[in-house]
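Beneath this line is the structure, given in structure tokens, with notes to follow.
Bear in mind these aren't lab numbers, they're just calculated from the coordinates by the rules spelled out. Given the structure is predicted, the values throughout are model-derived calculations rather than measurements. Note that each Cβ is placed from the backbone with ideal geometry, even for glycine, and that neighbours are counted across all protein chains shown.
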Amino acid sequence: MTYPADVRPKIYISGAITSDPNFRWKFGEAQQALESAGYYPVNPLNVPNCVNSTCWGDTPQSERNHPHTWDCYIRHDIAALMFCDGVALLDDWFSSPGAKAEVSCADKVHIPCKSLNIWLEKAPNRIKLEGDEMKVT
């Protein structure tokens, strides 16, 4: 059964980005799994950021790999997280300063944080990740 986006539980995806060269694949897989399981996933890679240069801080743009600073990304990500019903933790979340900040903020306002697999096991449409494959149960 498919639910409208405003009825399905919104689940924010949290994990390491900066330290993982495969972060796009990892977050995409988590987003797909949550969507298939009946949730409305919120992928931080899809959260809009600043439209002006005020977020750049003291680091010249020529010295950065991205148009925005880490501070800019995390501020917008945490703002998006505040409108979610839960946080799905990827396996490497504990090694990420950003994910730790997200979990801390979520915890302060009683947004539940659980591993991705726990969310999938409790999902409206049950799904389990096994390696790189999704299994419907």
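Data for the structure
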{"read-out": "Footprinting exposure proxy for Trp119, Trp70, Trp93 (fewest neighbouring C-beta atoms within 10 Å first)", "value": "Trp70, Trp93, Trp119"}
{"read-out": "Per-residue HN-Hα couplings for the range 74-88 [Karplus 6.51, -1.76, 1.60; θ = phi - 60°; Hz; x = Gly/Pro]", "value": "5, 4, 6, 5, 5, 4, 5, 4, 5, 9, 9, 8, x, 10, 9"}
{"read-out": "Other-chain or far-sequence residues with amide H under 5 Å of Thr18's (modelled H)", "value": "none"}
{"read-out": "For Ser96, distant residues with modelled amide H under 5 Å away", "value": "none"}
{"read-out": "5 angstrom amide H check on Ser115, placed H, neighbours 5+ away", "value": "Leu89"}
